[in-house]
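K.L.:
Input: one structure, supplied below.
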Amino acid sequence: MLDDVTLAPSAKALTLGNHQVWPPVVLAPMAGITNVAFRRLCREQGGGVYVCEMITTRALVERIPKTLKMIQFAPDEGFRSLQLYGVDPDVTAAAARMVAEENLADHIDLNFGCPVPKVTRRGGGSALPWRRRLFGRIVTQAVRAAAPAGIPVTVKMRKGIDDDHLTYVEAGLIAQEAGVAAVALHARTAEQRYSGTADWDAIATLKQALDVPVLGNGDIWEADDAMRMVAHTGVDGVVVGRGCLGRPWLFKDLHAAFDGVRSQELPTLGEVAAVMSRHAHLLVEALEDEKHGCADFRKHIAWYLKGFPVGGDLRRSLSMVSSLAQLDDLLGKLDADAPFPRESLGQPRGRVNAPGKVSLPYGWLDSRDDDTVPEGAEMDNSGG
Ligand SMILES: Cc1cc2nc3c(=O)[nH]c(=O)nc-3n(C[C@H](O)[C@H](O)[C@H](O)COP(=O)(O)O)c2cc1C
């Protein structure tokens, strides 16, 4: 909690291309979460970069309607940040070129962190940096394709496949050589998935190794965690994922902390309910479908209500909500005066799963320099 916080007023704005980001805070791309609705709620709380959901390069270049809808940005999104996932240098370049030529975004992040078995089994996501030449080609081509439009490209990766197959320092150097604007490290291996704790020492090691800005990611649950990460690692910015699930106001605390001000938002249940309602309304508006929007909102309910006294029946009804009127009616039954459950502060939320052996294509670990493009790893949209 904030009592022990080390404020970091010395932190600098993060430079991404010709864009200055203050505070140096990034909403982590999260598939199924960081759509235009959730980004709005977060953006309203403070400055930073708010990355959209992961977009697969092939789906983008093939102009799959669902994918094109996923890259919608609000008119007031000043710095439109888009994450691409690809395994093929040419397809990634085509996607980056499309973003540049059609002015679809102001920033491209490349996802090399996904640990989902159906992605790594085909050599994608967090498996890919092991094939260092292929990794280098993808990043280089993306940077080149985005450059004419002045779009900075960043890379987001994990430490490696497992403790015996770490790639992050080498991959960071390759990405730097390729011309990326920054490198973000989720300091876990693919094998760890979301288990255990993020290895902030690895973030410090990467920071030491690179000249380009390094962004630290993993286990920032409160603003003081962000300050501790900066103090511990010297990173140029932080990337926050699960900590803001059901808590978009975390970005207010983060902004304040980087400004050197202590702040901790502790909304009452009534205030949380108002944010929930707004979130659902924004989702319905974005998806242009009330039923779909409400169904999509259901996954957020437990995060918003974590630790609050809400009876089982009401929780169950909320988890099956199918219209905005029904949602607002149920939210009206909550005890609006219930204080924020302080015991939930600093606690993990969202995915906290067990480690698991990483599925890889046959022979994947045998060669680091084989740069054959893995087949069939491109259409997945599950993120991670
Ligand atoms: C539901 C969910 C979806 C995610 N989707 C993506 C994704 O599409 N792209 C990506 O690079 N990382 C994705 N991640 C990983 C996060 O961006 C982040 O690296 C990870 O959650 C660790 O940060 P945290 O400890 O702050 O949550 C996802 C994580 C979660 C929980």
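Read the figures in this text as sums done on the coordinates, not as results from a lab. None of these values were measured; they are calculated from a predicted model. Cβ placement follows ideal geometry from the backbone for every residue including glycine, while neighbour counts extend to all protein chains displayed.
K.L.:
Hey, got the dipole for the stretch 14-258? About the Cα centre, +1 on K and R Cβ, -1 on D and E Cβ, debye to the nearest 20?
P.N.:
Numbers: 27 positive and 26 negative charges, 154 e Å.
So the magnitude is around 740 debye.
K.L.:
Set the bar at 31 Å for Cα to Cα. Now go through Lys252/Lys333; Lys252/Lys299; Lys69/Lys357; Lys118/Lys333; Lys69/Lys156 and name every pair that lies beyond it. Show your work: numbers first, answer last.
P.N.:
Working: Lys252/Lys333 28 Å; Lys252/Lys299 23 Å; Lys69/Lys357 34 Å; Lys118/Lys333 41 Å; Lys69/Lys156 23 Å.
Listed pairs above 31 Å: Lys69/Lys357; Lys118/Lys333.
K.L.:
While we're on this one: Pull up all non-local amide H partners of Val51: gap of 5 or more, or a different chain, and H-to-H distance under 5 Å with H placed in the peptide plane.
P.N.:
The list, which skips near neighbours in sequence, is Leu27.
K.L.:
At 222 nm, what helix-only mean residue ellipticity would the chain give, in deg cm²/dmol to the nearest 500, using -39500 (n - 2.57) for each DSSP H run of four or more?
P.N.:
On the way: 14 runs with 143 residues, N = 384.
Helices in the chain give a 222 nm mean residue ellipticity of -11000 deg cm²/dmol.
K.L.:
Would you kindly derive the ³J(HN,Hα) couplings of the stretch 120-135 from the backbone phi angles with the Karplus curve 6.51 cos²θ - 1.76 cosθ + 1.60 (θ = phi - 60°), listing them in order in whole Hz, with x for Gly and Pro?
P.N.:
5, 4, 9, x, x, x, 6, 7, 5, x, 4, 7, 5, 6, 5, 4
K.L.:
Which whole-number percent is the relative contact order of the chain (Cα, under 8 Å, 6+ apart)? Before the final figure, lay out the partial values.
P.N.:
Values: 825 pairs, mean separation 82.8, N = 384.
Normalised by residue count, the contact order of the chain is 22 percent.
K.L.:
How large is ³J(HN,Hα), in whole Hz, for each residue of the stretch 170-178 in order, when computed from phi with the Karplus curve 6.51 cos²θ - 1.76 cosθ + 1.60 and θ = phi - 60°, using x for Gly and Pro?
P.N.:
5, 5, x, 5, 5, 5, 4, 4, 6
K.L.:
Skipping prolines and chain starts, which residues have an amide H placed within reach, meaning under 5 Å, of the one on Thr56, given they are 5 or more residues away or on another chain?
P.N.:
Tyr85
K.L.:
Could you give log10 I(q)/I(0) at q = 0.14, 0.16, 0.18 Å⁻¹ for the stretch 269-339, computed by the Debye formula over C-alpha point scatterers of equal weight, without solvent?
P.N.:
After summing over all Cα pairs, the log10 values are -0.36, -0.47, -0.59.
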